[in-house]
Amino acid sequence: MKLHSLRPAQGSTKKKKRIGRGQGSGKGGTSTRGHKGAKSRSGYSKKEGFEGGQMPLQRRVPKFGFKNPNRVEYKPINVQSLQAIAEKNNITSFALSDYPNYGIASKKDRIKILNKGELTLKLEVEAHAFSASAKSAIETAGGKAIII
């Protein structure tokens, strides 16, 4: 094998289509762009949502809805998951700084305790909010629900 004899495999390469190089080439004149219209012009780029001049969907459909900029998102944590973590790690209280350590919430999350499952342990729980049933469940088990 010599460098001058190297060639790509048969059929692996194609010749580049040379357009706009005169009528004799067969691809002169309109340069494979057809006749007239926006697509035949230089600098053409289709706008996003353009439907050929028809009123586009985003303008036909009316605006609706509302995003409240002051909405407070809570990370929901169920009483049963607190029970499971407390049993596993022999804990009697949950401070706000404890939730990231156990992987149930991140440091920046606002936490709301919900009443799903059963709570038998006496726990002291700190959170930003409690559902009424979760608060009563914690207090009937002999614990405290501390709102921050």
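Values quoted throughout were computed directly from the atomic coordinates according to the rules given, and no laboratory measurement underlies them. Computed from a predicted model, the values in this text were never measured in an experiment. Quick reminder, even Gly has a Cβ in these numbers, built from the backbone with ideal geometry, and neighbours come from all protein chains shown.
The table below lists the values:
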| item | result |
| --- | --- |
| Environment charge at LYS75 (Cβ cut-off 9 Å; Lys +1, Arg +1, Asp -1, Glu -1) | 0 |
| Among GLN58, GLN83, GLN23: highest mean-square fluctuation, GNM of the chain, C-alpha pairs under 10 Å | GLN23 |
| Net lengthening on full extension, ASP98/PHE50 (0.36 nm per residue, minus Cα-Cα) | 12.0 nm |
| Charged-residue dipole, Cβ positions (Lys, Arg, Asp, Glu), the chain about Cα centre, Debye nearest 20 | 2540 debye |
| Karplus 3J(HN,Hα) series, Hz, for region 107-118 with 6.51 cos²θ - 1.76 cosθ + 1.60 (x for Gly, Pro) | 5, 8, 5, 8, 10, 10, 8, 10, 9, 10, x, 10 |
| Of the GluC sites (Glu not before Pro) in region 50-148, those whose Cβ has at most 13 other Cβ within 10 Å and which sit in DSSP loop | GLU73, GLU118 |
| For PHE130, PHE50, PHE64, order by how many other beta-carbon atoms lie within 10 Å, fewest first | PHE64, PHE50, PHE130 |
| Lys/Arg +1, Asp/Glu -1 at C-beta; the chain dipole; positive extreme among PRO76, THR120, ILE146 | PRO76 |
| Dipole axis of region 1-131 (+1 Lys, Arg; -1 Asp, Glu on Cβ), positive-most option in ILE85, MET1, GLN23 | GLN23 |
| Degrees, to the nearest 10: 79-89 long Cα axis against longest axis of the chain | 80 degrees |
| Of TYR102, TYR44, TYR74, the one that fluctuates the most in a GNM where the chain has Cα springs shorter than 10 Å | TYR44 |
| Label assignment, Cα Rg over 2.2 N^0.38 Å derived from the structure, set (i) 2.14; (ii) 2.33; (iii) 2.24 | (ii) |
